[in-house]
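The values are calculated or read from the model by the stated rules, or taken from the named source; none is laboratory data. Since we're looking at a predicted model, the values are computed, not measured. All Cβ positions, glycine included, derive from the backbone under ideal geometry; neighbour counts span all protein chains shown. Just so you know, the surface numbers come from the protein's heavy atoms only, side chains and all, with ligands and any DNA or RNA stripped out. Shrake-Rupley method; radii C 1.70, N 1.55, O 1.52, S 1.80 Å.
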Amino acid sequence: MVWQCNHKFDGGEKCTTPHLDEAAVKALFLKAANAVFDERDGIREDYEVVRERLYDISELEAERIRLQNEMNIVAEMIQQCVNENARIALDQTEYQKKYDGLADRFDRIKKRLETVGCAITERVAKREKTERFLAELEKLDGPLTKFCEEDWYSLVEYAMVYSREDIRFTFKNGMEIKA
């Protein structure tokens, strides 16, 4: 199998990235993976040192709870505003202004709550991906001597070919190795 640039034939500017055959990709993967394997103790130690700082979600969780509470209060205020308008003849311009202000506040809180939720999900996913990577790295008995697709899928996020001499593998822990 020969690997070539995704944009080689899409009609645009010709891709200058060299093509690689499968054997070359596999050999380069083994070289990069073994460089990571050689550093696995340091990688594990570094991860333990920064894990809490990188993946801590306690502040985000506290903000999420605060925002949920605030959103509930604003929703209740909106309901009270609607109920009051239904019971008492109010100036509709003033009512609409008050209602719109509360609705805007609710929407801002909801948007921030969604952003915080996404940030929590992203941190948890990154932590889990890194921990799976480390677990797979720990399973290796020694340097890799032959290509195995399972190793590729469990260790590599992606590979980028910049030139025949500059091929980089980015591993699932974010580490980039030039092979």
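Could you check region 50-81 and list, in sequence order, the residues that are more than 29 Å from the chain's Cα centre (by Cα) and touching a residue at least 24 places away in the same chain (Cβ under 8 Å)? V74, A75, M77, I78, listed by residue number.
Taking the criterion of being assigned to a helix (DSSP H, G or I) and aliphatic (A, V, I, L, M), the residues of region 112-154 that qualify are L113, V116, A119, I120, V124, A125, L134, A135, L137.
Across region 21-38, the number of residues qualifying as at pLDDT below 90 and farther than 11 Å from A179 by Cβ comes to 3. Looking only at region 131-179, residues that are of a type in the set (V, I, T), open to solvent by 20 Å² or more (accessible area, probe 1.4 Å) and modelled with pLDDT of 90 or more come to 2 in all. In summary, helices (runs of 4 or more DSSP H) completely within region 18-108 and bearing 3 or more residues that are exposed (fewer than 11 other Cβ atoms within 10 Å of the Cβ) and not acidic (D, E) occur at 40-55, 58-87. As a summary of the residue check, E128 satisfies the conditions (1) open to solvent by 30 Å² or more (accessible area, probe 1.4 Å); (2) over 19 Å from E61 (Cβ atoms); (3) out of contact with any Gly (no Cβ under 9 Å at 6 or more places or on another chain) except for the one numbered (2).
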